[in-house]
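**Q** Provided herewith is a single structure, encoded as structure tokens, for subsequent inquiry.
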Amino acid sequence: MRILVAGGAGYIGSHTCKTLAQAGHEPVVYDNLSLGHAESVKWGPLVVGDLADQALLEATLREFQIEAVVHFAAKSCVGESMQEPMPYFINNSVGTTRLLDAMLRCGVSRIVFSSTCAVYGVPDFVPIEETCPTRPINPYGETKLAIEKMLHWLGVLHGLRWISLRYFNAAGADPAGELGEEHDPETHLIPLVLRAAAPGTARLQVFGTDYPTPDGTAIRDYIHVTDLADAHVMALAALSADPVNDCFNLGTGQGTSVMEVLATVAAVTGWPVRHETVARRPGDIPILVAKTDKTAQHFGWRPRRSSIQTIVQDTWNWECRAARAGLRP
Ligand SMILES: NC(=O)c1ccc[n+]([C@@H]2O[C@H](COP(=O)([O-])OP(=O)(O)OC[C@H]3O[C@@H](n4cnc5c(N)ncnc54)[C@H](O)[C@@H]3O)[C@@H](O)[C@H]2O)c1
């Protein structure tokens, strides 16, 4: 299939383009390069454009005879969304409205959407099932939930076929070393811990050691980016076979604490991570771990590279390449 990959110059989008191409699809990236990188687009054409530009979206869908969309394009920093919510509402929710309208006008009826565990807010219990209440505690999560509701209604009223994948914590890098995580600023724990492990860098701050967890630090469900990419290919296949129209968790079901990440980084790099413990960050949730049975049942998907050791090793390999290329100190 010819697939429009909105946000395909970004971290998860670029890895997914590689997997799509390996599965025989033709990815066409649509990205405004606000956060992504043109050099990460290696498996098909890049159209530089914004979600807000509906005319360009429609022209792109028609020119490339697009059959389905995978939609990663978003601003996704939780803290930033609490400081400045309006760019999140405009970019994520309004932007996606433009994309969906363009799809309907061009007769493109299938979409896989990047959602997040942030739609759940503070869960009543873990592991979190898709049936748990959705009560976002920040504007970022709220934008994703709003989009899921749009997808629902467009499915009911216009026959849109959609799957929303609610990722937990994406991490890792392409095992072949062609791609990795390049956010600026980086806010994700594993690259930050790896950078803090290197000699001569600032101490890592560990936020909160008094959570109700075995070592007192927050627990997250880390999922390797190539496992996420596989799930998108499977979701597209499922959409082609059947109108699934539903939300699915993408995690491993295994939680890893901040201190366990630090210990794994020390084991992989050989350097202990110099760190200091500080107070909890407001809004951080103690434990976020997915229940993934529904995803496994529907798509036959299982994570393959998502042990914390493999995630850290692949990220470390990417960080070393980036340092050699002069992108890091
Ligand atoms: N990284 C994670 O752990 C994680 C977890 C849950 C959900 N998600 C979601 O997955 C998606 C991808 O995340 P990522 O980490 O790869 O992010 P990213 O920032 O690396 O990639 C997003 C891409 O979208 C592009 N983009 C943003 N707004 C755009 C617009 N208006 N028009 C065109 N392009 C635009 C950016 O330039 C970038 O290339 C996002 O939707 C994010 O909310 C990510």
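The values are calculated or read from the model by the stated rules, or taken from the named source; none is laboratory data. Quantities reported herein were computed from a predicted structural model and do not represent experimental measurements. Here the Cβ is made from the backbone with ideal geometry for all residues, glycine too, and neighbour counts use every protein chain on show. Protein only, heavy atoms only, side chains kept; ligands, DNA and RNA dropped before computing areas. Shrake-Rupley method; radii C 1.70, N 1.55, O 1.52, S 1.80 Å.
**Q** Per residue, how big is the convex hull of the chain when only Cα atoms are used? Give it in Å³. Walk me through the numbers before you get to the answer.
**A** Details: hull volume 40.2 nm³, N = 329.
Taking only Cα atoms, the chain has a hull volume of 122 Å³ per residue.
**Q** Now, a different point. Measuring with a 1.4 Å probe in the full set of protein chains, what accessible area per residue, in whole Å², belongs to segment 62-105?
**A** Values: 2270 Å² over 44 residues.
It amounts to 52 Å² per residue over segment 62-105.
**Q** Going by accessible area, probe 1.4 Å, with all protein chains left in place, what is the ranking of I287, I128, I90, largest first?
**A** On the way: I287 45, I128 0, I90 95 Å².
These residues rank, largest area first, as I90, I287, I128.
**Q** Subtract the Cα-Cα distance of K42 and A198 from 0.36 nm times their separation in residues, and report this length gain in nm to one decimal. Show your work: numbers first, answer last.
**A** Values: separation 156, 0.36 × 156 = 56.16 nm, distance 3.00 nm.
Residue separation times 0.36 nm, minus the Cα-Cα distance, leaves 53.2 nm.
**Q** What does the accessible area of M150 come to, in Å² to the nearest 10, when a probe of 1.4 Å is used?
**A** Near enough 50 Å² of accessible area.
**Q** What's the carbon and sulfur percent of segment 1-160's accessible surface, probe 1.4 angstrom, rounded to a whole number?
**A** Carbon plus sulfur share of accessible area: 55 percent.
**Q** I'd like the GluC sites (Glu not before Pro) in segment 75-148 restricted to DSSP loop residues with at most 15 other Cβ atoms within 10 Å, sorted by number.
**A** Numbers: sites: E80, E129, E130, E142, E148; in loops: E129, E130.
Sparse-neighbourhood loop GluC sites (Glu not before Pro): E129.
**Q** Then there is this: Return the carbon/sulfur percentage of the accessible area of segment 239-293, one whole number, probe 1.4 Å, all protein chains in place. Each step should come with its number before you reach the end.
**A** Working: 1330 of 2590 Å².
Carbon with sulfur: 51 percent of the solvent-accessible area.
**Q** Right, something else. Give me, ordered by chain and number, the residues 5 or more places off L160 or on other chains with an amide H under 5 Å from its own placed amide H.
**A** Here G155 satisfy the definition.
**Q** Over segment 73-180, what is the relative contact order in whole percent, taking alpha-carbon pairs under 8 Å and six or more residues apart? Intermediate values should be presented prior to the final figure.
**A** On the way: 118 pairs, mean separation 34.9, N = 108.
Contact order relative to length: 32 percent.
**Q** So, one more: Let me have the relative contact order for segment 141-277, percent, based on Cα pairs under 8 Å that are six or more residues apart. Could you put the intermediate results ahead of the total?
**A** On the way: 173 pairs, mean separation 48.3, N = 137.
Computed over segment 141-277, the figure is 35 percent.
**Q** If packing is taken as the average number of other Cβ atoms within 10 Å across a peptide's residues, how do 44-54, 206-216 rank, most packed first?
**A** Top to bottom by mean Cβ count within 10 Å: 44-54, 206-216.
**Q** Moving on to the next point. In Å², and per residue, what accessible area does segment 1-49 have when probed at 1.4 Å with the other protein chains present?
**A** Working: 1730 Å² over 49 residues.
Accessible surface, normalised per residue, equals 35 Å².
**Q** To continue, here is another question. Calculated from DSSP H runs of 4 or more alone, at -39500 (n - 2.57) each and per residue, what is the 222 nm mean residue ellipticity of the chain, nearest 500?
**A** On the way: 11 runs with 126 residues, N = 329.
It comes out at -11500 deg cm²/dmol, rounded to the nearest 500.
**Q** Please name which of G49, T97, A23 has its Cα lying farthest along the dipole of segment 1-104 towards the positive end, using unit charges on Cβ (Lys, Arg +1; Asp, Glu -1) and the Cα centre as origin.
**A** A23
**Q** Next up: Using +1 on the beta carbon of Lys and Arg, -1 on that of Asp and Glu, and nothing else charged, what's the dipole of segment 150-199 about the Cα centre, debye to 20? Walk me through the numbers before you get to the answer.
**A** Details: 3 positive and 6 negative charges, 77 e Å.
My answer is approximately 380 debye.
**Q** Same structure again: Would you mind working out the magnitude of the charge dipole of segment 83-183 relative to its Cα centre, with +1 at each Lys and Arg C-beta and -1 at each Asp and Glu C-beta, to the nearest 20 Debye?
**A** Details: 8 positive and 11 negative charges, 112 e Å.
Taking the Cα centre of segment 83-183 as origin, the dipole is about 540 debye.
**Q** Place a +1 charge on the Cβ of each Lys and Arg in the chain and a -1 charge on the Cβ of each Asp and Glu, then give the dipole magnitude about the Cα centre in debye, rounded to the nearest 20.
**A** On the way: 27 positive and 35 negative charges, 41 e Å.
With only Lys, Arg, Asp and Glu charged at Cβ, the dipole is about 200 debye.
**Q** Now for a separate question. Amide H of Y167: which non-local residues (sequence gap of 5 or more, or other chain) have their own amide H closer than 5 Å, using H built in the peptide plane?
**A** Under 5 Å from the amide H of Y167: S115, T116, C117, L250.
**Q** Compare the Cα positions of A229, A197, P214 along the charge dipole of segment 185-253 (+1 at Cβ of Lys, Arg; -1 at Cβ of Asp, Glu; about the Cα centre) and return the one farthest towards the positive end.
**A** A197
**Q** Just want to confirm a number: the relative contact order over the chain, from Cα pairs under 8 angstrom separated by 6+ residues, in percent. Walk me through the intermediate numbers first.
**A** Values: 670 pairs, mean separation 60.3, N = 329.
Normalised by residue count, the contact order of the chain is 18 percent.
**Q** Not counting ligands, DNA or RNA, and with a 1.4 Å probe, what is W153's accessible surface area in Å² rounded to the nearest 10?
**A** 140 Å²
**Q** Could I ask something else about it? Provide R274, R195 ordered by accessible surface of protein heavy atoms (probe 1.4 Å), highest first. Mind showing how you got there, number by number?
**A** Details: R274 85, R195 65 Å².
I get R274, R195, largest accessible area first.
**Q** Rolling a 1.4 angstrom probe over the protein heavy atoms, how many square angstrom per residue are accessible across segment 147-218? Write down the numbers at each step before the final one.
**A** Details: 3120 Å² over 72 residues.
Spelled out: the 1.4 Å probe surface of segment 147-218, per residue, equals 43 Å².
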